[in-house]
Amino acid sequence: MFVCICRAVTVDEVHEHCDAGARTPDAVSERCGAGEGCGTCIERLTQIVASRTAGRVATTSAA
Ligand code: FES
């Protein structure tokens, strides 16, 4: 399932970036471009990242 249509980023891809160390939507966006188009997916991207990283220590800020 796609999270970001503009950049063709899937839920699985977001999970992979989180598992590889991305702890914020911005960090995921830097790695794959999700959320850098129309912006419609940002809320969903934020929810997915929060769910995947719950309980993990943040290594990057969301500034
Ligand atoms: S759907 Fe993600 S930026 Fe447009």
Open item on the list: Ranking request for peptides 39-47, 23-31, 10-18: highest mean number of other beta-carbon atoms within 10 Å first, then the rest in descending order.
Closed with: 23-31, 10-18, 39-47
- [ ] Measure nothing but the geometry: give the 0 to 90° angle between the long axis through the Cα atoms of 42-53 and the longest principal axis through the Cα atoms of the chain, rounded to 10°.
- [x] 30
- [ ] At a temperature of 37 °C and a viscosity of 0.692 mPa s, determine how fast region 2-54 diffuses translationally according to Stokes-Einstein, using the Kirkwood radius over alpha-carbon pairs as Rh; express D in µm²/s, rounded to the nearest whole number.
- [x] 318
Task: Distant-in-sequence amide H partners of Val3 (H built 1.01 Å from N, under 5 Å) - done: Val9, Thr10, Val11
Task: Local electrostatic count at Gly35 - Lys and Arg +1, Asp and Glu -1, tallied over other residues with Cβ under 13 Å - done: -2
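The numbers here are math on the coordinates, done by the rules we state, and not lab data. All figures in this text were calculated on a predicted structure; none of them were measured in a lab. Using ideal geometry, Cβ is built from the backbone for each residue, glycine included, and neighbour counts are taken over all protein chains shown.
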